[in-house]
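Structure first, then comments.
The values are calculated or read from the model by the stated rules, or taken from the named source; none is laboratory data. Everything numeric in this text was worked out from a predicted model, so none of it was measured. Don't worry about glycine lacking a Cβ; one is built from the backbone with ideal geometry, like all the others, and counts go over all protein chains shown.
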Amino acid sequence: MNIKKILKATLFLTLVFAIQSFTTVKGVEGTWAYSAPDAPYEYAKGDIIIKKNDGKYSAEIKFQYDSVETKDIKVDKNVVVIKFDIDGNPIKVTLTVKGDSLTGVSETGDGSLQLTAKRK
């Protein structure tokens, strides 16, 4: 083999691996540090922990003084919808995944709040 063919093959493989690394999408599984500045103090910051076992998602939301677990979580491409109750009040959180960030809204009986999250 001559040098030009080796260089072309090396360049081609490097390009393939570079494209693959840019297009590899991380799943939503993991721990996300969230912030909802307009929420009551005890719920304004915390963690959302999303797990996937046997193809089914679950989530744990950790607040300042409490936490709640739910299996009512749907993931469709880059949209995550999590439903849970706090003290009997239903909460629906809809998030859009973009890389290592989540943005979205939390809907309660009292209205809606914006929230953001970063992957830990």
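Would you confirm whether or not region 44-60 contains a residue that is in contact with a helix residue (DSSP H, G or I) (Cβ under 8 Å, 6 or more places away or on another chain) and either farther than 14 Å from residue 119 by Cα or among the acidic types (Asp, Glu) (or both)? Spell out the reasoning first.
First pass over region 44-60, keeping only residues in contact with a helix residue (DSSP H, G or I) (Cβ under 8 Å, 6 or more places away or on another chain): none.
Within region 44-60, not a single residue is in contact with a helix residue (DSSP H, G or I) (Cβ under 8 Å, 6 or more places away or on another chain) and either farther than 14 Å from residue 119 by Cα or among the acidic types (Asp, Glu) (or both).
Taking into account only those residues within region 85-102 that are among the hydrophobic types (A, V, I, L, M, F, W, C) and over 11 Å from the mean Cα position of the chain (by Cα), which is surrounded by the fewest Cβ atoms within 10 Å (Cβ to Cβ)?
86
Would you be able to say whether some residue in region 50-61 is exposed (fewer than 12 other Cβ atoms within 10 Å of the Cβ), of a type in the set (S, T, N, Q) and more than 17 Å from residue 83 (Cβ to Cβ)? Write out each step before concluding.
Here is the first cut: in region 50-61, the residues exposed (fewer than 12 other Cβ atoms within 10 Å of the Cβ) are 53-56.
So of that shortlist, the ones also of a type in the set (S, T, N, Q) come out as 53.
Of the ones still in play, those that are also more than 17 Å from residue 83 (Cβ to Cβ) are 53.
Yes, that holds for at least one residue.
So, residue 60, is that one modelled with pLDDT of 65 or more and assigned to a helix (DSSP H, G or I) or not?
Numbers: modelled with pLDDT of 65 or more: yes; assigned to a helix (DSSP H, G or I): no.
Taking the combined requirement at face value, the residue does not satisfy it.
Please identify the pairs in which a residue from region 78-96 that is farther than 13 Å from residue 60 by Cα has its Cβ atom under 8 Å from the Cβ atom of a residue that is of a type in the set (Asp, Glu), counting only partners at least 6 apart or on another chain.
Final answer for the pair search is 91/85; 91/107; 92/107; 94/107.
Kindly indicate whether any position in region 58-66 is over 15 Å from residue 40 (Cα atoms), touching a residue at least 60 places away in the same chain (Cβ under 8 Å) and among the small types (Gly, Ala, Ser).
Within region 58-66, not a single residue is over 15 Å from residue 40 (Cα atoms), touching a residue at least 60 places away in the same chain (Cβ under 8 Å) and among the small types (Gly, Ala, Ser).
Kindly check whether there is at least one residue in region 75-84 that is part of a strand (DSSP E or B), acidic (Asp, Glu), surrounded by fewer than 15 Cβ atoms within 10 Å (Cβ to Cβ) and within 15 Å of the chain's Cα centre (by Cα). Outline the logic, then answer.
Residues of region 75-84 part of a strand (DSSP E or B): 75-76, 79-84.
Checking which are acidic (Asp, Glu) leaves us with 76.
Among the residues that remain, those that are also surrounded by fewer than 15 Cβ atoms within 10 Å (Cβ to Cβ) are: 76.
Going one step further and asking which of them are within 15 Å of the chain's Cα centre (by Cα), we end up with 76.
Scanning region 75-84, I find at least one residue that is part of a strand (DSSP E or B), acidic (Asp, Glu), surrounded by fewer than 15 Cβ atoms within 10 Å (Cβ to Cβ) and within 15 Å of the chain's Cα centre (by Cα), so the answer is yes.
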